[in-house]
Amino acid sequence: MERRMVVTLVDCPARIVPAGTPVTIPKDTFVTITQSLGGNYTLTWSGQMVRVDGTDAEALGLIPEKMSFPEPEDDQIQEEQVWEALRTIYDPEIPVDLVNLGLIYKVSIDQDAKRVDIQMTLTAPGCGMGPVLVGDVEYRVAKVPNVETVKVELVFDPPWQRDMMSEEAQLATGMFY
């Protein structure tokens, strides 16, 4: 998407890049969309770079990403729905979701506490977008029915390697050989 200016239609939740600190862009604020990738939007606002989740795109006058899950039959968290939510989160620099990139190491569900614990890594330990990706995971997984808390732990052992990517991701990025 080319750079374009839009006005927020309602208060818009966002996260400062790269720190991941949550902020709210007030209604009727001019912002500039600098990038659209994986359904999320990177904006400049008040001299800061911020990221708006695609599920909140309507606040920018855009079509929102829809995350819909079947109505729960009970009060249990469904692990497949957690994985489905994780597949909607894309690396901000690589147009591949975190699951196919091999960045999600472990998902644990505590049904009694209504909590999902996730161990994930980054493509590089010094990746400046780490806090933003953690925020993306927390935000999207929290939309899964019956999830009340999401805890993400960044781990670097084992270190990420390109062979952890799915074959589809390796083909999409030209890293298949």
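The values are calculated or read from the model by the stated rules, or taken from the named source; none is laboratory data. It should be emphasised that the depicted structure is a prediction, and the values quoted were computed from it without experimental measurement. Quick note on the areas: whole protein, heavy atoms, side chains included, nothing else; ligands and nucleic acids left out. Shrake-Rupley method; radii C 1.70, N 1.55, O 1.52, S 1.80 Å.
Laid out as a table, the results:
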| read-out | value |
| --- | --- |
| Value at 222 nm in deg cm²/dmol, rounded to 500, when DSSP H runs of n ≥ 4 in the chain each add -39,500 (n - 2.57) | -4500 deg cm²/dmol |
| Candidates 154, 101, 133: whichever shows maximal mean-square fluctuation once the chain is modelled as a Gaussian network with Cα springs under 10 Å | 154 |
| Lys pairs, the chain - Cα-Cα below 21 angstrom, 8 or more residues apart or on other chains | 7 |
| Extension gain (nm, one decimal) between residue 24 and residue 69, 0.36 nm per residue minus Cα-Cα | 13.6 nm |
| The chain - accessible surface per residue (Å², probe 1.4 Å) | 53 |
| Accessible area of the chain belonging to carbon and sulfur atoms, whole % at 1.4 Å probe | 50 |
